[in-house]
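Derivation of every value follows stated rules applied to the coordinates shown; laboratory data play no part. From a predicted model like this one, the values you see are computed outputs, not experimental measurements. So basically every Cβ, Gly included, is an ideal-geometry build from the backbone, and we count neighbours across all protein chains shown.
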Amino acid sequence: MTSTLLLTALTMLAFAGNSVLCRLALSHTAIDPAGFTLVRIASGAAMLWVLANVAGGRKGIGGSWKGAAALTIYAIAFSLAYVTLPAGTGALLLFGAVQVTMIATGLKQGERLAWAQWLGLAVALGGLVTLVAPGVSAPPPLGAALMTLSGVFWGIYSLLGRGSRDPVASTAGNFLRAAPMALIPAIVLAGQLKPDPMGILYAVLSGTLTSGCGYILWYRVLPRLTAAHGASVQLSVPVIAALTGAALMGETLTLRLCIASVAVLGGIALVITQRRRQT
């Protein structure tokens with residue numbers, strides 16, 4: 001149990017770091033969403049191939065085309081959506097879609113939640129809404145649709161990972177298959193590509209460290225979690241990212257942020273400490 005909690009915490013920190021790097025690249029540099037996504041996935045694929053086949057001594061790769069497609073659609077939709085969406089609105093749409101996708105799938109497969117777990121989910125979602133509400137406005141329809149699509153496919157990618165027996169090989173295989181897929185929008189939008197040096201650096205860090213290594217950790221811990229647990233713990237990512245932004249980018253750390261953080265993390269704790277019921 002202790003190792004699962006530690007791995008989950010490290011994974012959420014990686015995801016939060018990924019959010020910060022994406023935010024820095026797309027809002028503080030001139031790099032375009034398609035170019036950022038391509039560099040992110042390609043650099044992650046290169047690092048993971050080395051890790052799986054050289055350092056790890058493996059032969060071949062794992063993963064699947066289904067996982068690669070889910071990863072690609074999530075990453076591209078995420079980058080494109082943040083061109084028009086405020087960060088708070090995007091986070092609410094993304095993780096709301098993840099929640100619905102993973103919990104609905106878990107319920108369909110026979111998982112059942114105790115009333116305390118439903119309460120924990122409600123508290124966590126309420127905390128997230130409290131966190132992002134000051135920046136929430138009617139989002140542009142296209143941006144909202146893209147971010148919702150991104151959340152659905154991140155939920156699908158996470159669910160596929162619950163059956164992974166070799167996280168390194170699976171993640172490497174998914175990234176390697178996703179790289180040519182990510183090349184398609186870059187070719188289509190070739191006239192809009194802006195190879196900004198700092199943007200490329202952020203994309204490489206995102207692909208190799210917070211995405212590649214983070215997703216290995218995620219696939220390693222997912223088999224130990226129910227779908228509801230896997231969905232709920234990800235609600236901590238916007239909170240961690242907001243706290244990291246306050247520490248590293250000088251964003252204001254308000255009382256509202258502190259209260260929302262306690263609510264989200266407390267709600268998650270309630271979900272993961274309650275014993276699930278199964279049909």
message: Given an 8 Å cut-off on Cα distances and at least 6 residues of separation, report the relative contact order of the chain as a percent.
response: 41
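With a Förster radius of 35 Å, plug the Cβ-Cβ distance of residue 248 and residue 119 into 1/(1 + (r/R0)^6) and report the FRET value to the nearest 0.05. Before the final figure, lay out the partial values.
Values: r = 34 Å, r/R0 = 0.96.
Given R0 = 35 Å and the Cβ-Cβ separation, E is 0.55.
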message: Output wanted: per-residue J couplings in Hz (rounded whole) for the range 191-196, from phi through Karplus 6.51 cos²θ - 1.76 cosθ + 1.60, θ = phi - 60°, x for Gly and Pro.
response: x, 9, 5, 10, x, 6
query: Which one, (1) 35.3, 126; (2) 17.9, 54; (3) 24.0, 113, gives Rg and Dmax of the Cα atoms in Å as derived from the coordinates shown?
result: (2)
